[in-house]
1. Taking the condition surrounded by 12 or more Cβ atoms within 10 Å (Cβ to Cβ), in contact with a helix residue (DSSP H, G or I) (Cβ under 9 Å, 6 or more places away or on another chain) and charged (D, E, K, R), does residue 70 pass?
2. Touching a residue at least 12 places away in the same chain (Cβ under 8 Å) and within 20 Å of residue 7 (Cβ to Cβ): is that true of residue 62 in this structure?
3. Name the residue that is surrounded by the most Cβ atoms within 10 Å (Cβ to Cβ), counting only residues in segment 73-94 that are in contact with a Lys or Arg (Cβ under 8 Å, 6 or more places away or on another chain) and closer than 19 Å to residue 28 by Cα.
4. Give me the residue from segment 1-18 that is of a type in the set (Ser, Thr, Tyr) and at pLDDT 80 or above and, out of that set, nearest to residue 59 (Cα to Cα).
5. Considering every residue within segment 19-34, establish whether at least one is at pLDDT 95 or above and surrounded by 19 or more Cβ atoms within 10 Å (Cβ to Cβ).
Amino acid sequence: MTYPHTPGHRNVDTSMAAADAIAPKLGRLQRMAHRAIRHAGAAGLTADELAARLGMDRCSIQPRTSELKRKGLIRDSGQRRPNATGKLAIVWIAS
């Protein structure tokens, strides 16, 4: 299997190690993220909001949005909201 069914990495040893570490949890994390985004409805969630809603670190959950987008399960709503750094972030909604 390949991305988005397996975690992506940047062909660097630390990135590959992180992908290997998350691989056993990937399906569960994707399901949790997808469920939270579906339940948010038209309001959607940014990656920061998703991480907060799930009580997880943003670094663990943000890559799941890329995977879910690639799978066609979520999409960019066209909305933008500020993230923790004050920059505008994509608001994800279910497809």
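The values are calculated or read from the model by the stated rules, or taken from the named source; none is laboratory data. These numbers come from a predicted model, not from an experiment. Note that each Cβ is placed from the backbone with ideal geometry, even for glycine, and that neighbours are counted across all protein chains shown.
1. Working: surrounded by 12 or more Cβ atoms within 10 Å (Cβ to Cβ): yes; in contact with a helix residue (DSSP H, G or I) (Cβ under 9 Å, 6 or more places away or on another chain): no; charged (D, E, K, R): yes.
No, not satisfied.
2. On the way: touching a residue at least 12 places away in the same chain (Cβ under 8 Å): yes; within 20 Å of residue 7 (Cβ to Cβ): yes.
When the stated conditions are applied, residue 62 passes them.
3. Checked segment 73-94; the qualifying residue surrounded by the most Cβ atoms within 10 Å (Cβ to Cβ) is 92.
4. Of all residues in segment 1-18, those of a type in the set (Ser, Thr, Tyr) come to 2-3, 6, 14-15.
Of the ones still in play, those that are also at pLDDT 80 or above are 2, 14.
Working: 2: 21, 14: 14 Å.
Looking at the filtered set, the residue picked out is 14.
5. Within segment 19-34, one or more residues are at pLDDT 95 or above and surrounded by 19 or more Cβ atoms within 10 Å (Cβ to Cβ).
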